[in-house]
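The values are calculated or read from the model by the stated rules, or taken from the named source; none is laboratory data. Model, not experiment: these values are computed from the prediction. Counting neighbours? That spans all protein chains shown, and the Cβs are built from the backbone with ideal geometry, glycine included.
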Amino acid sequence: MTNHTTHNPLAWIEDSLADLGKQGLQRKLSVRGGRQADKIDLDDQRLVNFGSNDYLGLAADPRLATAVAAALDGWGSGASPLVCGHAAAHRDLEGRLAEFEGTEAALLFTSGFAANSAAITSLVGPGDVVFTDRKNHASLFDGCRLSRSDVRVYPHRDHRRLDRLMQRAAQYRRRLIVTDSLFSMDGDVAPLAELAEVARRRDAMLMVDEAHATGVFGASGRGLCEQLGTEDGVHIRMGTLSKALGSIGGFVAGSRPLIDWLLNRGRSYIYSTASPAAVAAAGIAALDIIRKEPHRRRTLLAKAESFRASLVSQGWNIGDSTTQIVPIIVGDSQRALDISAALGEAGFFVPAIRPPTVPQDEACLRVSLSFAHDDEQIEKLLKTLKK
Ligand SMILES: Cc1ncc(COP(=O)(O)O)c(C=O)c1O
């Protein structure tokens, strides 16, 4: 007779978790009380929040919550947008996003992760090749793998190496280059003009993920493609409403045929329930604020510049960051955890970022600055780091 009580096919999980624990790599959830703004209550401890992607301080802006409350008319969407339709609010937000991005059309997804997955798998498949920066976001990597196209990883920001790799790719049916514009853990910027030139020369499509740059860079806040003057050379522009726009959801902006194709082929769009219509109202309110209050992004970038300079003068290694995301690279995971814990005791939330989010030996403290921080909070963090 089989002994059902001793047979545990999941026993390996406990061993694997114990291994992660030994390497300082096991992750645990904290419980957040209340809203997150410049301060955050984590596990009943109030901390100054240097851990979120709420770069413009909009996540707790009452104008977003008020817009959602005013738009509330029921809640759930019931089915995929292709089954029960997308709401008028979704249509309006897509129109506003296309206008904001200066493209023919835009398509909304329930998350930026879903947008990346849908876009890549719709654009390439077996017989095609996709080139991806080594430090691209996990959602871009997953999209590449799911597409079943050949995946070529090029060294971080190395457009020359990419060009050489592409010399051998002429026989493929289609070629796609994907890159973050602002790398989410390193705070550095892709060479977008050079990538656009490689794409042109090698007859490839270029997709740029502006998740951390939308709302922050560019004269109108469209991101780094705008800032670097490369919008015309970028065929697929992806952004998210979940970071500087203080809300939730992702989008792809581009030509009308591109958007119609994603609607027909994007699996995470087709086979997933639409977000509640009222959520779209927050996106529209955030776009209004970005248009009317450009001082938010300008002030943020000025604060970030002086913060980076102070860290460098204290002797910290901030890699190649030139943005509001500033890694303090310490290498060892346990050291990153220890510094993060010490900062926590001093009242600051600065997450330790460890492998697999960053490569081995590149564990860091990721400081993300927000318009919501005041000068005193930043000064105090710098003083604590100096100690
Ligand atoms: C570069 C990048 N792309 C996409 C995403 C996914 O966006 P979302 O959080 O809206 O799913 C993230 C989120 O961390 C990101 O950093």
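Okay, here's what the table says:
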{"quantity": "GLN171, sole failed condition from (1) surrounded by 15 or more Cβ atoms within 10 Å (Cβ to Cβ); (2) over 21 Å from LEU192 (Cβ atoms)", "calculated": "(1)"}
{"quantity": "Residue pairs meeting the criteria (Cβ under 7 Å; at least 6 apart or on separate chains; first assigned by TED's automatic domain parsing to the domain that holds GLY187 and over 18 Å from HIS295 (Cβ atoms), in the range 206-228; second among the basic types (Lys, Arg) and assigned to a loop (DSSP other than H, G, I, E, B))", "calculated": "ALA211/LYS243; HIS212/LYS243"}
{"quantity": "Some residue of the range 264-287 being closer than 21 Å to VAL129 by Cα and assigned to a loop (DSSP other than H, G, I, E, B)", "calculated": "yes"}
{"quantity": "Criterion violated by SER321 - all others in (1) in contact with a strand residue (DSSP E or B) (Cβ under 7 Å, 6 or more places away or on another chain); (2) surrounded by 22 or more Cβ atoms within 10 Å (Cβ to Cβ); (3) in a helix (DSSP H, G or I) satisfied", "calculated": "(3)"}
{"quantity": "Tally, over the range 295-318, of residues that are of a type in the set (Val, Ile, Thr) and part of a helix (DSSP H, G or I)", "calculated": "2"}
{"quantity": "Among residues of the range 52-78, those that are surrounded by 19 or more Cβ atoms within 10 Å (Cβ to Cβ), of a type in the set (A, V, I, L, M) and touching a Lys or Arg at 6+ places or on another chain (Cβ under 7 Å), counted", "calculated": "1"}
{"quantity": "Filter result for GLY57 (in contact (Cβ under 8 Å) with a residue 24 or more places away in the chain, on the phi > 0 side of the Ramachandran plot, out of contact with any Cys (no Cβ under 9 Å at 6 or more places or on another chain) and not in a strand (DSSP E or B))", "calculated": "yes"}
{"quantity": "Every pair of residues 6+ apart whose Cβ atoms lie under 6 Å, when the first sits in the range 129-145 and is among the hydroxyl-bearing types (Ser, Thr, Tyr) while the second is more than 10 Å from the ligand (Cβ to nearest atom)", "calculated": "THR132/CYS144; THR132/VAL153; THR132/VAL178"}
{"quantity": "Unmet criterion (only one of (1) surrounded by fewer than 17 Cβ atoms within 10 Å (Cβ to Cβ); (2) within 16 Å of the ligand (Cβ to nearest atom)) for ASP133", "calculated": "(1)"}
{"quantity": "Whichever residue in the range 339-387 is of a type in the set (D, E, K, R) and part of a loop (DSSP other than H, G, I, E, B) and, among such residues, is farthest from VAL326 (Cα to Cα)", "calculated": "LYS387"}
{"quantity": "Filter result (assigned to a loop (DSSP other than H, G, I, E, B) and either outside the structural domain of THR110 (by TED's automatic domain parsing) or loosely packed, with under 12 Cβ neighbours inside 10 Å (or both)) within the range 79-100", "calculated": "none"}
{"quantity": "Residue that is nearest to the ligand (Cβ to nearest atom), among those in the range 223-244 that are surrounded by fewer than 24 Cβ atoms within 10 Å (Cβ to Cβ) and either more than 15 Å from THR179 (Cβ to Cβ) or among the polar types (S, T, N, Q) (or both)", "calculated": "SER242"}
{"quantity": "Condition broken by PRO327, with the remaining ones in (1) within 20 Å of PHE217 (Cα to Cα); (2) assigned to a helix (DSSP H, G or I); (3) not polar (S, T, N, Q) satisfied", "calculated": "(2)"}
{"quantity": "Condition check for ARG164: touching a helix residue (DSSP H, G or I) at 6+ places or on another chain (Cβ under 9 Å) and more than 16 Å from the ligand (Cβ to nearest atom)", "calculated": "no"}
{"quantity": "Boolean, ASN116 is touching a strand residue (DSSP E or B) at 6+ places or on another chain (Cβ under 7 Å), assigned by TED's automatic domain parsing to the domain that holds ALA281 and touching a residue at least 60 places away in the same chain (Cβ under 8 Å)", "calculated": "yes"}
{"quantity": "The range 185-210: number of residues that are more than 21 Å from ASP142 (Cβ to Cβ) and out of contact with any Leu (no Cβ under 8 Å at 6 or more places or on another chain)", "calculated": "8"}
{"quantity": "Residue in the range 263-286 that is closer than 30 Å to ILE378 by Cα, touching a helix residue (DSSP H, G or I) at 6+ places or on another chain (Cβ under 9 Å) and away from the ligand (no atom under 16 Å from the Cβ) present", "calculated": "yes"}
{"quantity": "Candidate set: the range 169-185, residues that are away from the ligand (no atom under 11 Å from the Cβ) and among the charged types (D, E, K, R); chosen: the one farthest from GLU231 (Cα to Cα)", "calculated": "ARG173"}
{"quantity": "Residue ID - surrounded by the most Cβ atoms within 10 Å (Cβ to Cβ), chosen from residues in the range 189-220 that are more than 25 Å from LEU165 (Cβ to Cβ) and more than 15 Å from the ligand (Cβ to nearest atom)", "calculated": "GLY218"}
{"quantity": "Residue within the range 108-120 that is more than 16 Å from the ligand (Cβ to nearest atom) and not β-branched (Val, Ile, Thr) present", "calculated": "no"}
